[in-house]
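This report refers to the structure that appears directly beneath it.
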Amino acid sequence: MRDFHQPGRSTVFATNGMCATSHPLAAKVAVQMLEAGGNAVDAAIAGAVLLGFCEPQMTGIGGDCFVLLHKPGDKDVIALNGSGRAPAGLSAADMRAKGLTSMPVNTADAATLPGAIDAFCKLSKDHGKLGLKAVLAPSIYYAEAGVPVSPRTAFDWKLAAEALKGPAAKYYLMNGAAPQAGQVFRSPEQAEVLRRISEFGRNGFYEGEVAEDMVTSLQAAGGTHTLDDFANTSCEYTQPVSGSYKGTELIEHPPNGQGATAILMNNMLAQFDLPSIDPFGAQRAHIEAEVAKLAYDARNRFIADPDHMSRMEHMLDPQTAAHLANLIDPKKAMANPAKLSEQVHKDTVYITVVDKDLMSVSLIYSIFHSFGTGIASDKFGILFQNRGAGFTLEEDHPNEAAGGKRPMHTIIPGMLRQDGEVVMPFGVMGGAYQPNGHARFVSNMVDFDMHPQAAIDAPRSFSDSGDMKVERGYSDAVRQELADMGHKVSVPEGPIGGAQAIFIDRKNGVLHGASDPRKDGCALGY
C-alpha cells in the first residue's frame, strides 16, 4: 500500500469493465462503449481513435498499431499487426546514392503507409459487437467540437512544434504556436475522414478522395507513394512470442515489433539476484542499463520484417541471455556493446481494456516521433508517421529499407499470463524505451512484489545511445554512483515513457486499474 502522506495514485477497482489509457476523455469514452453493450474491442478502438485528437503529437489515423487480444475461454492470445509497409518505390540504394548514411526522420522517405485504420476495421469486423459507426461516433463528435489540450500534451506539443511544416503547421498550430493547456483543439477535416470510414470501412480511407489527398501530398513532399500502395495496405494476424520470468509469462508481439527485446532482457535479468538489492539503488539501475545495451544491440542486428529475418529463436533462447549476461561487469559500464557481444551473436499511445466477460485488449497506436514526419495531407490534415526511420541503409541488413517491407517497430503491447491464464494486459510507451520498460515493469512486480500501480509509479532510468537518462525520482547520490561506474548520466527534459495496466483478479472478481502519473490519463471502470 502506498504512503498516503506522499503524492501518488491509488489503484482503481471495478467489477464490470475497465479502461486504462493516457487521457481521461479516451478512458471515459471506452467505458461508455462497455456500458452501451460493446466489448473490449469496441471500447479499445473508440478510445484509441479519440487519442489521436487528445494527443495528436503522439498518434493519429496516419499511424500504425499493434494489438494483443485474449478472448474468454480461448487458450491462445491473438496478435494483429497493423503496421504499414514502405511504398513500393522506396529504395535504400537510391538514398545511399544521394549521400545518405541513415534514414531521414522528417521527409516523405520516412513515411510508411498508415496501417492502423485497416487494423481497426479488421478488428471491429472480426471481434467487435457494435460496428464502426457506433465506435467512431465519439471521435467524430470530439474532432468537430474540440478537445481541451491537457497539461502533458501541451508540454509535448511545444517541444515538437518546430517539426510541423506546410499544411501540418496550419492544422496543428494556433496562430503559429503550439496551443497552451486549456485551449481547444479541433480537426473537422479528420472528422469527415472518420465519417467516410464509418460509412465505407477501410475503402473510405485507402481509396477515393482521402487516399488521393494523402498520395498527392506525399508526392509533393518528394515521396514515391501511389494509390496502389494505399489500396494494398493490409494488416495481418500473427503468432505472439513469449518467455517466462520466474513463473510469470511475458507475451509480446512478434517482429517487426521489438517485443522479443523485452523477453531477452528479462532472460538476462534472471541471471542476477535482483531481489537482494535496493530496487531504487545504483546497482539495479546499472545492471538494467548494461542488460539493455546488449539486448538493444541484438535488436538492431536481427529484428526486421519477419519475411527478412531468421534469428528469432536465437534471441529468445535462454542460453543467449546467459552468455550475454556473463559479459556484464557489475561495477563498470561497457563502452561498446556491439563489439563486446560479437562472439555471442555469431552463426508509441497505449490503451488497455478488459470487459465484463474478461475479454482483454492490449493496443498501442503511434506515429513514432512527435508529429511523425511533420508532414500532413493538404485537404484533410492527416499527419504522416515516420516509421520508415526504423529502417537502416546498411546494405544487405535484414532491416534494410526497401519497397513493400515493414520496418523494425518500437511499439509493443504486452500481456502477462500465470498458470495458463491471462492476468494482465499492459503497455509502456516511450519509443525505444518500451522493451526496457516492459522488463522493468515485470521485474518490479516479480522481484520486488510491487502492485502494478506502484510498479508504474517507480522511478525509471534508460541507457539510450550512450546517454543514461535518470529521472528525478532517483537521488543525486544514485546518479553520482552511476557516473562513477562510467555511465554518462543526464536528467531527461521530460519523464521516461508512460504506462497502463489492468490486473484481472479472478479470485475476487475485481479488475485493478493502474495508470502512469507521467501522463494525463487514468484508469476508469464501472
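The values are calculated or read from the model by the stated rules, or taken from the named source; none is laboratory data. Source: prediction; values computed, not measured. Cβ atoms come from the backbone with ideal geometry, glycine included; neighbour counts cover every protein chain shown.
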With Tyr526, Tyr433 as the choices, which residue is surrounded by fewer than 17 Cβ atoms within 10 Å (Cβ to Cβ) and over 21 Å from Gly8 (Cα atoms)? Tyr526
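If you check Met424, Met485, which single one turns out to be at pLDDT 95 or above and over 20 Å from the mean Cα position of the chain (by Cα)? Give the derivation first.
On the way: Met424 fails: over 20 Å from the mean Cα position of the chain (by Cα).
Sole residue among the options that is at pLDDT 95 or above and over 20 Å from the mean Cα position of the chain (by Cα): Met485.
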So is Ala27 of a type outside the set (Lys, Arg), more than 17 Å from Leu130 (Cα to Cα) and assigned to a strand (DSSP E or B) or not? no
(1) under 10 Å from the mean Cα position of the chain (by Cα); (2) modelled with pLDDT under 95: which one isn't true of Pro413, the others all being true? (2)
Options Asp347, Asp357, Asp378; residue that is assigned to a loop (DSSP other than H, G, I, E, B), over 30 Å from Gly89 (Cα atoms) and at pLDDT 95 or above: Asp357
Step by step: first the residues of segment 211-242, then only those that are assigned to a strand (DSSP E or B) and in contact with a Pro (Cβ under 8 Å, 6 or more places away or on another chain), then the one that is farthest from Gly62 (Cα to Cα). Which residue is that? Val241
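Matching residues to (1) of a type in the set (A, V, I, L, M); (2) farther than 19 Å from Val446 by Cα; (3) modelled with pLDDT of 90 or more:
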residue: Phe272; (1), (2), (3): no, no, yes
residue: Ser276; (1), (2), (3): no, no, yes
residue: Glu288; (1), (2), (3): no, no, yes
residue: Ala292; (1), (2), (3): yes, no, yes
residue: Tyr296; (1), (2), (3): no, yes, yes
residue: Asp305; (1), (2), (3): no, yes, yes
residue: Arg311; (1), (2), (3): no, yes, no
residue: Thr320; (1), (2), (3): no, yes, yes
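Run down Lys133, Lys165 and say which single residue is in the same structural domain as Ser366 (by TED's automatic domain parsing), surrounded by fewer than 17 Cβ atoms within 10 Å (Cβ to Cβ) and modelled with pLDDT under 95. Walk me through it before giving the result.
Numbers: Lys133 fails: modelled with pLDDT under 95.
One residue alone meets the criteria, Lys165.
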Might you let me know whether segment 185-198 holds any residue that is closer than 30 Å to Ser91 by Cβ, among the acidic types (Asp, Glu) and modelled with pLDDT of 95 or more? no
Selection from segment 488-515 of residues within 19 Å of Gly430 (Cα to Cα), buried (at least 20 other Cβ atoms within 10 Å of the Cβ) and over 22 Å from the mean Cα position of the chain (by Cα) yields Val489
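Here is a yes/no grid of residues against (1) crowded, with 24+ Cβ neighbours inside 10 Å; (2) of a type outside the set (A, V, I, L, M, F, W, C); (3) within 15 Å of the chain's Cα centre (by Cα); (4) more than 24 Å from Gly388 (Cα to Cα):
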| position | (1), (2), (3), (4) |
| --- | --- |
| Phe4 | no, no, no, yes |
| Phe13 | no, no, no, yes |
| Asn39 | no, yes, no, yes |
| Gln57 | yes, yes, yes, no |
Output the residues belonging to segment 243-255 that are in contact with a Gly (Cβ under 9 Å, 6 or more places away or on another chain) and either farther than 22 Å from His70 by Cβ or assigned to a strand (DSSP E or B) (or both). Glu249, Leu250, Ile251, Glu252
Within segment 85-105, restricting to residues that are basic (Lys, Arg) and surrounded by fewer than 17 Cβ atoms within 10 Å (Cβ to Cβ), the one that is modelled with the lowest pLDDT is Lys98
Conditions (1) more than 25 Å from the chain's Cα centre (by Cα); (2) exposed (fewer than 15 other Cβ atoms within 10 Å of the Cβ); number of the one not met by Pro151: (1)
Those residues of segment 188-239 which are closer than 22 Å to Ala401 by Cα and charged (D, E, K, R), in sequence order: Asp228, Asp229, Glu236
Go through segment 399-455 residue by residue and tally those that are touching a Ser or Thr at 6+ places or on another chain (Cβ under 7 Å), in a strand (DSSP E or B) and under 25 Å from Ala48 (Cα atoms). 10
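In segment 86-125, what residues are assigned to a loop (DSSP other than H, G, I, E, B) and either of a type in the set (A, V, I, L, M, F, W, C) or outside the structural domain of Ala43 (by TED's automatic domain parsing) (or both)?
In the first step, residues of segment 86-125 are kept if they are assigned to a loop (DSSP other than H, G, I, E, B); the result is 86-90, 98-107, 111-115.
Across segment 86-125, the qualifying residues are Ala86, Ala88, Leu90, Leu100, Met103, Val105, Ala111, Leu113.
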